[in-house]
Amino acid sequence: MTAVFLGLPTAPRGVGHLRGDRSFPDAARDALRDGQLRANLGHATATIRGKRAAVVGEVPDWEQLRQAGRAIKAATMARLDEHLVALEERVTARGGTVHWARDANEANEIVTRLVQATGTDEVVKVKSMATQEIGLNEALEAAGIAAHETDLAELIVQLGDDKPSHILVPAIHKNRAEIREIFLRTMPGVDPGLTDEPRKLAMAARAHLRERFLRARVAISGANFAVAETGTLSVVESEGNGRMCLTLPQTLITVMGIEKLVPTWRDLEVFLQLLPRSSTGERMNPYTSLWTGVTPDDGPQEFHLVLVDNGRTAVLADEVGREALHCIRCSACLNVCPVYERAGGHAYGSVYPGPIGAVLSPQLTGVEDNASLPYASSLCGACYDACPVAIDIPSILVHLRAEHVEAQTRTTPEAAAFRALSAAMSNPRLWRLAQRAAGLGRFLARGKPTLPAALPPPASKWTRTRDLPAPPRETFTQAWAREHGS
Amino acid sequence: MSARDDILSRIRTALGDDRAPVPEIARDYRTTDDRPDAELLAVLTDRLEDYKATVVRCTPADVAATVAGALGAALGDHRPEDVVVAPGLPADWQPAGAVEDDGRPPVALADYAATVTGVAVAIAETGTLVLDGSPLSGRRALSLLPDCLVCVVEAAQVVGGVPEGLARLDRTAPLTMISGPSATSDIELSRVEGVHGPRTLVVVLVG
């Protein structure tokens, strides 16, 4: 049964960052021509792959943790409504206020209203995929509220007027020299002698943001996990910018997708082992904050939790695709993906790039709005192996391709070609004739191992992105007949 | 219909009328660690040093002197009143002349050079200290704003893995798990220590 059939709405158009302006192959073609981008991505993903492999390798029960993580997420989804109601009850009992948003527009309205009620016109932000997804910064800006990103990579992206290209490290496409150039150009009062040494760049960000943290009255965060049983929220981070935002302002607004919860406190013992090793390749990230509602005299005295659907219930309705909601946003699948490593995150057009993005974005928006993404994969399966909650991404990709093909009302050249192939393969005489005809392709190949990419349409649609091998001198059956007699 | 009821109703539609049973969760991963204390302390020390934290060992009788020595090494010349301590820090752990956190506005804590706190629990395998907002750990801003953080950990507070650590905590307390000084991997995915949180972390391991 599909979500469309059940009438469950997907993420609305015209708001947020789930859809690109161009199809994946078009955007990827430009990215592939950018040698600097490919060098930056190759260097960064190779570094993180090595670190992750080392720290995952030293955990003797990694596979047991992985299967437990998968089971906990499946159990969460199976009773999602009950867990959300429990979470709401606990957060409210501890002095927080829970808001529900059907989609990006509603979430943006709620947050804007909450910020305006405090009388401030600026907020500090902890890196959050959910607020990127719904386009919160743009909505706040339209209401005259400045949103300052405080995560180093988000800051680089914001100052450079750029777009994020990775879930964990949004500025992964920039190298140290490019980051230095952005800081020199955009940071008021920055030391003109700033070098591109990473430690110096981090210090420049510290100096730039320090005063903003100390004066901020409102912070906006996402959440890595929420515990239904206790009402506890958590943010996992490295720099301390998260702690600044979660501790110093009077008001904290946390925006969270409805799928990001776990049923019990004990479940955290699994995810707090799986996430850091899979994401930054560390045994544990430097800082994890856990808070339950409001604590008198410690941290924000006003706490709002905004629960966002924005297409998630449509994903939940698909029995195969719903596994994409198990994602804990570690980005291990991006770092091991041969397609991501070459094309980069921008080519996916969504805040969720890489393999998980290729299954999540089309489901959140409806597959027709991201129709090229399920094909942005070689189905090699590296993402499945790396996923800390064992999401079978290749199977969901194939499932979404089938959904896309079935949704076509007109016959595509590919469908026509496969129909003809099916007819030929069902009839021995036709098949032999077809093989003989295919032998003509050897003339086109002119002795090269593959056919030229510049075939006339509609064949060019296939050869533009794939190498079509030249047909062999003789087929297997011909060779068999020659050597053994027919 | 309110957004709340609408979303809950969508979830019920998505899951269907005859819901699948909730899958069993096999917790066959490690939940205990029976290595002897000495080994756990060695693992904790190794992990913390890997994160570029400084670890000093001492006996219960030497805590105050060890803390004072660690502060001297980290800060160089400093006034005793540049150091602020958690309100519940035992008197015989406190460096002479340090100021006790008295609930002043949190941003005022940024004026201090260093903080001394205790912890609620320490996890050896991940090199993690957990502070729980109690008088011993102090409020969250205390271990965040001064640039040098000194944490005193008693041997009995050290557990092996994450499951044992979480089981010991007050679940609704404001918890901060600290694994090394603040750091970032945002530039070319190489880790560098020292961003917004304390750039220096010293752990005094007692016992």
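The values are calculated or read from the model by the stated rules, or taken from the named source; none is laboratory data. Keep in mind it's a predicted model, so treat the numbers as computed, not measured. Note: ideal-geometry Cβ built from the backbone for every residue, glycine included; neighbour counts use all protein chains shown. The area values use the complete protein model at the heavy-atom level, side chains included, leaving out ligands, DNA and RNA. Shrake-Rupley method; radii C 1.70, N 1.55, O 1.52, S 1.80 Å.
Structure data summary
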{"read-out": "Residue within region A:174-185 that is in contact (Cβ under 8 Å) with a residue 12 or more places away in the chain, surrounded by 21 or more Cβ atoms within 10 Å (Cβ to Cβ) and within 17 Å of the chain's Cα centre (by Cα) present", "value": "no"}
{"read-out": "Sole residue being modelled with pLDDT of 95 or more and either open to solvent by less than 10 Å² (accessible area, probe 1.4 Å) or under 27 Å from A:V270 (Cβ atoms) (or both), chosen from B:L189, B:L175", "value": "B:L175"}
{"read-out": "Matching residues in region B:82-114 - criterion: being more than 13 Å from chain A (Cβ to nearest Cβ), open to solvent by 60 Å² or more (accessible area, probe 1.4 Å) and part of a loop (DSSP other than H, G, I, E, B)", "value": "B:A96"}
{"read-out": "From A:R266, A:R283, residue being free of Cβ contacts under 8 Å to residues at least 40 places away in the same chain and open to solvent by 10 Å² or more (accessible area, probe 1.4 Å)", "value": "A:R266"}
{"read-out": "Helices (runs of 4 or more DSSP H) (entirely within region A:336-405) containing at least 2 residues that are surrounded by fewer than 21 Cβ atoms within 10 Å (Cβ to Cβ)", "value": "A:338-343, A:382-386"}
{"read-out": "Answer residue from region A:84-126, given it is of a type in the set (K, R) and touching a Gly at 6+ places or on another chain (Cβ under 7 Å) and is farthest from the other protein chains (Cβ to nearest Cβ) among those", "value": "A:R90"}
{"read-out": "Any pair with Cβ under 7 angstrom, 6 or more apart, that starts in region A:466-486 at a residue that is in a loop (DSSP other than H, G, I, E, B) and ends at one that is charged (D, E, K, R)", "value": "A:A470/A:R442; A:A470/A:K448; A:P471/A:R442"}
{"read-out": "Test: residue in region A:112-125 that is surrounded by fewer than 17 Cβ atoms within 10 Å (Cβ to Cβ), charged (D, E, K, R), without any contact (Cβ under 8 Å) to a residue 40 or more places away in the chain and in the same structural domain as A:G366 (by TED's automatic domain parsing)", "value": "yes"}
{"read-out": "Region B:6-38, subset under 16 Å from A:H83 (Cα atoms) and open to solvent by 70 Å² or more (accessible area, probe 1.4 Å), residue farthest from the other protein chains (Cβ to nearest Cβ)", "value": "B:P21"}
{"read-out": "Failed criterion for B:D50 (all others in (1) more than 27 Å from A:W265 (Cα to Cα); (2) facing chain A (nearest Cβ under 7 Å) hold)", "value": "(2)"}
{"read-out": "Region A:238-262: number of residues that are more than 9 Å from chain B (Cβ to nearest Cβ) and either open to solvent by 10 Å² or more (accessible area, probe 1.4 Å) or over 18 Å from A:R206 (Cα atoms) (or both)", "value": "12"}
{"read-out": "Complete set of residues in region A:414-453 that are in contact with a strand residue (DSSP E or B) (Cβ under 8 Å, 6 or more places away or on another chain) and open to solvent by less than 80 Å² (accessible area, probe 1.4 Å)", "value": "A:T450, A:L451"}
{"read-out": "Some residue of region A:30-51 being more than 10 Å from chain B (Cβ to nearest Cβ), within 23 Å of A:R329 (Cβ to Cβ) and charged (D, E, K, R)", "value": "no"}
{"read-out": "Elements of type helices (runs of 4 or more DSSP H) in region A:1-107, at least 3 residues being over 30 Å from A:E302 (Cβ atoms)", "value": "A:3-6, A:24-33, A:35-57, A:62-78"}
